[in-house]
Amino acid sequence: MSAAILVLVEHLKGTLADITFEMLGVGRQIAAAQGGQVHAVLLGKDVNALAARLGAADSVLLADEPNLEQPSAEVIVPLLQQLMAQKQASLVLLGGTNASFGLGGQLSARMKVPFVNFCKGARVEGGSLVLTSQLFGGKILSDVKLADGKGIVSVYPGAFPAEAGRSDKTPPVEKVAVPPGSPKVVFKRFVEPDTSDVDITKQSVLVAVGRGIQSQDNVQLAEELAQSLGGVVCASRPVIDQGWLPLSRQVGKSGMTVKPRLYLAFGISGAPEHWDGMQSSECIISVNTDPKAPIFDGSHYGVVGDAVELIPLLTDRIKAKKG
Amino acid sequence: MNLIVLLKMVPDTVEELNVASDGKSLDSEYLRFKLNDPDEHALEEALLLKERVGGKVTVVALDAPEVDDVLFMALAKGADRAVKIPADQASLGTVATARMFATFLASGGGQITPDTLVLPGSQAIDDLEGEVAAYLGEALSLPYVGVVSSVSPVNGKVVVLKEFSGGMRGEYEVTLPAVLGIQSAEKPPRYVPVAKVRAVMKSAKIETADIAPPELAKALVVERMYKPEAAGRAQMLEGTPEDIAARIAGLLTERGII
């Protein structure tokens, strides 16, 4: 079977996101096994210059219009629908990111093809495409087969190598028109993160706290430890949602991506949304009461124990060492 | 406003999850269920909107273990009406679930008025087939935005903030009625004392809405479910907490951090 694959290009403020290249890479891999072409769908405002960097695709389908800044699903979905029909595409690859969130479900409902979420692996087996999804906060993997090869796939960020989707070739560009409509969801503006707080992406030592820290008072213990190390405190989503620390301290999918020399993780289980934001730290030391917490799989050092008990002991040790 | 919150029970991932003997589903024997985190935030956002602009909050859920407790908890927090659809959530995929909610909302049960906001949580950890919110928007032909963390009514519309990455958020204006997938409420979900929930259990009732599951095969066929093999494993530090503190301090010294 050889049918086309569409890749919805992601970009923010004039820069192509890594997920774009990751999707092009996996698209190329599937096309190599099954035949067919890979088309990059690029839409936005003032984005035509980005097309030249999408050489891993066989062609770029471009819609560059003033009213296409951060378009909503009701604009993107009909366009993808139209392109699927025109290009006889069997697969559409979307980023498993907040930016593309929800598009897959709507497109799948309209095209009556299945949607596969959280995709971390793809292989062709006996002529069928088998996709691996990550479920239940990273604790379970699920293999699903697309019987007739048709599907909409949400590609998990960081799961496939971006290098495989980069190329120096200049792809042919084909202009496409967005179907007319009067959107009921209209983009107004970006709200930038608060910059009055410290920038956690620039710290070399981060003391991170998660649900296991239990209370706001205990966040103060982590503050004292961070101070003794010359670092700052950051957190996973549940702590931010509780209002114990400001949004500017959030690490993970919606928050910041950090790469400190030292990441001390206290009471963080290591859900994929958090792991995405800190996996490149030089040294990760994790403390969690659950010996099976996924965070231990990627950490350099691990401690099964109570963070609240350990933090003050560690602070005392460090203060003593520093004299 | 007419605020309709959809609640879903999901396996608590704090507990260990095991694959059943068929190799294609979760072993339900030791599963513990909890309310999906974003759904708890959706309820909170609805209660905040009710406090701000007035209206009525209806919570709706399919049948699942411990769901009655969650519906009573929602009433105790300030929801006006709780409805249970007696169909087993576990046997339905996301698409069928969305269809059932759509049928409920389109029937007399839900009533989509011009000031209706349907508020599911943005997503759930078992959303293999995608998010209920997106399918629901499609089934009801209503506008939809997901990953929402703030909702403000302005001139008969709502202005919402959708999360992107790196702490960036996008502001969108949405015409009502609409479906908004809530990621987090503007305030932490409120706490309600157990005594209050117990009192509500005595005084309030959960309504039942009988809706037939759609004739719809699951869109995706699961070939195999399994636990991931760890790519690596941390070197585990053991001993008394004092010993461990000393070991970590030693490691930090070796690495020149202190």
task = Kindly provide the set of residues from the stretch B:181-206 that are of a type in the set (S, T, N, Q) and more than 18 Å from B:ALA82 (Cα to Cα), ordered by number.
result = B:GLN183, B:SER184
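Residue by residue, here is whether (1) at pLDDT 95 or above; (2) at the interface with chain B (Cβ under 7 Å from one of its Cβ atoms); (3) touching a Lys or Arg at 6+ places or on another chain (Cβ under 6 Å) holds:
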| position | (1), (2), (3) |
| --- | --- |
| A:MET84 | yes, no, no |
| A:LEU93 | yes, no, no |
| A:GLY102 | no, yes, no |
| A:GLY126 | no, no, no |
| A:THR132 | yes, no, yes |
| A:GLY165 | yes, no, no |
| A:PRO172 | yes, no, no |
Number of positions in the stretch A:109-139 that are crowded, with 24+ Cβ neighbours inside 10 Å and part of a helix (DSSP H, G or I) = 0
key: Matching option when the condition is part of a loop (DSSP other than H, G, I, E, B) and not assigned by TED's automatic domain parsing to the domain that holds A:HIS274, among A:GLY55, A:GLY104   = A:GLY55
remark   = Among residues of the stretch B:1-20 being under 18 Å from B:SER91 (Cβ atoms) and in a loop (DSSP other than H, G, I, E, B), the residue nearest to the other protein chains (Cβ to nearest Cβ) is B:ALA20
query = Within the stretch A:176-195, can you find the residues that are without any contact (Cβ under 8 Å) to a residue 40 or more places away in the chain and either assigned by TED's automatic domain parsing to the domain that holds A:HIS39 or among the charged types (D, E, K, R) (or both)?
reply = A:LYS188, A:ARG189, A:GLU192
remark   = Flagged in the stretch A:184-198 as surrounded by 13 or more Cβ atoms within 10 Å (Cβ to Cβ) and either within 8 Å of chain B (Cβ to nearest Cβ) or over 24 Å from B:VAL148 (Cβ atoms) (or both), in numbering order, are A:LYS184, A:VAL185, A:VAL186, A:PHE187, A:LYS188, A:PHE190, A:VAL191, A:PRO193, A:VAL198
message = I'd like the full set of residues that are more than 30 Å from A:ILE240 (Cβ to Cβ) and loosely packed, with under 15 Cβ neighbours inside 10 Å, limited to the stretch B:189-213.
response = B:ARG198, B:ALA199, B:LYS202, B:SER203, B:LYS205, B:GLU207, B:THR208, B:ASP210, B:ALA212
task = Scan the stretch A:244-259 residue by residue and report those that are farther than 18 Å from B:MET168 by Cα and at the interface with chain B (Cβ under 10 Å from one of its Cβ atoms).
result = A:TRP244
task = Give me the pairs, please: first residue somewhere in the stretch A:124-149 and over 17 Å from B:VAL14 (Cα atoms) and in contact (Cβ under 8 Å) with a residue 24 or more places away in the chain, second residue anywhere and hydroxyl-bearing (Ser, Thr, Tyr) and surrounded by fewer than 21 Cβ atoms within 10 Å (Cβ to Cβ), beta-carbon distance under 8 Å, and either six or more positions apart or on two chains.
result = A:LEU146/A:SER128; A:GLY149/A:SER128
inquiry  = Could you go through the stretch A:141-157 and let me know if any residue there is out of contact with any helix residue (DSSP H, G or I) (no Cβ under 6 Å at 6 or more places or on another chain), more than 9 Å from chain B (Cβ to nearest Cβ) and either surrounded by 22 or more Cβ atoms within 10 Å (Cβ to Cβ) or within 26 Å of B:ALA231 (Cβ to Cβ) (or both).
reply    = yes
key: Count - residues of the stretch B:142-157 that are under 19 Å from B:VAL60 (Cβ atoms), over 15 Å from the mean Cα position of the chain (by Cα) and more than 9 Å from chain A (Cβ to nearest Cβ)   = 1
ask   = What about B:GLU40, is it within 14 Å of chain A (Cβ to nearest Cβ), more than 16 Å from B:ALA133 (Cα to Cα), surrounded by 21 or more Cβ atoms within 10 Å (Cβ to Cβ) and not hydrophobic (A, V, I, L, M, F, W, C)?
value = no
key: Close pairs from the stretch A:213-229: first over 17 Å from A:THR289 (Cβ atoms), partner polar (S, T, N, Q) and buried (at least 21 other Cβ atoms within 10 Å of the Cβ), Cβ under 6 Å, at least 6 apart   = A:GLU224/A:THR315; A:LEU225/A:THR315; A:SER228/A:THR315
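Return the residue satisfying two criteria in turn: it lies in the stretch A:147-173 and is in a loop (DSSP other than H, G, I, E, B) and aliphatic (A, V, I, L, M), and of such residues it is farthest from the chain's Cα centre (by Cα).
If we filter the stretch A:147-173 for residues that are in a loop (DSSP other than H, G, I, E, B), which is where we start, we get A:147-150, A:156-162, A:166-172.
Imposing the further condition that a residue be aliphatic (A, V, I, L, M) reduces the set to A:147, A:159, A:162.
Working: A:ALA147: 27, A:ALA159: 9, A:ALA162: 13 Å.
So, considering only residues that are in a loop (DSSP other than H, G, I, E, B) and aliphatic (A, V, I, L, M), the one farthest from the chain's Cα centre (by Cα) is A:ALA147.
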inquiry  = Can you pull out every residue in the stretch A:296-306 that is within 28 Å of the chain's Cα centre (by Cα) and of a type in the set (A, V, I, L, M, F, W, C)?
reply    = A:PHE296, A:VAL303
task = State all residues of the stretch B:21-40 that are of a type in the set (Phe, Trp, Tyr) and over 16 Å from the mean Cα position of the chain (by Cα); if no residue qualifies, say none.
result = B:TYR30
note = Requiring at least 3 residues that are without any contact (Cβ under 8 Å) to a residue 60 or more places away in the chain and buried (at least 17 other Cβ atoms within 10 Å of the Cβ), the strands (runs of 3 or more DSSP E) wholly within the stretch B:43-127 are B:56-63
Filter result (over 17 Å from B:GLU16 (Cα atoms) and touching a helix residue (DSSP H, G or I) at 6+ places or on another chain (Cβ under 8 Å)) within the stretch A:289-305 = A:GLY298, A:TYR301, A:GLY302, A:VAL303, A:GLY305
message = Here's a check for you: in the stretch A:275-323, which residue that is of a type in the set (Gly, Ala, Ser) and touching a residue at least 24 places away in the same chain (Cβ under 8 Å) is farthest from the other protein chains (Cβ to nearest Cβ)?
response = A:SER281
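In the stretch B:107-122, what residues are at pLDDT 90 or above and not hydroxyl-bearing (Ser, Thr, Tyr)? Steps first, answer last, please.
As a first pass, look at the stretch B:107-122 and keep what is at pLDDT 90 or above: B:112-122.
B:ILE112, B:PRO114, B:ASP115, B:LEU117, B:VAL118, B:LEU119, B:PRO120, B:GLY121 - these are the residues of the stretch B:107-122 that are at pLDDT 90 or above and not hydroxyl-bearing (Ser, Thr, Tyr).
Name the residue, out of A:PRO78, A:PRO171, that is in contact with a Ser or Thr (Cβ under 7 Å, 6 or more places away or on another chain), in the same structural domain as A:ALA52 (by TED's automatic domain parsing) and more than 30 Å from B:ALA20 (Cβ to Cβ).
A:PRO171
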task = Kindly check whether there is at least one residue in the stretch A:84-101 that is assigned to a helix (DSSP H, G or I) and farther than 18 Å from A:LEU24 by Cα.
result = yes
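The values are calculated or read from the model by the stated rules, or taken from the named source; none is laboratory data. Please read all numbers here as calculations on a predicted model, not as lab measurements. Quick reminder, even Gly has a Cβ in these numbers, built from the backbone with ideal geometry, and neighbours come from all protein chains shown.
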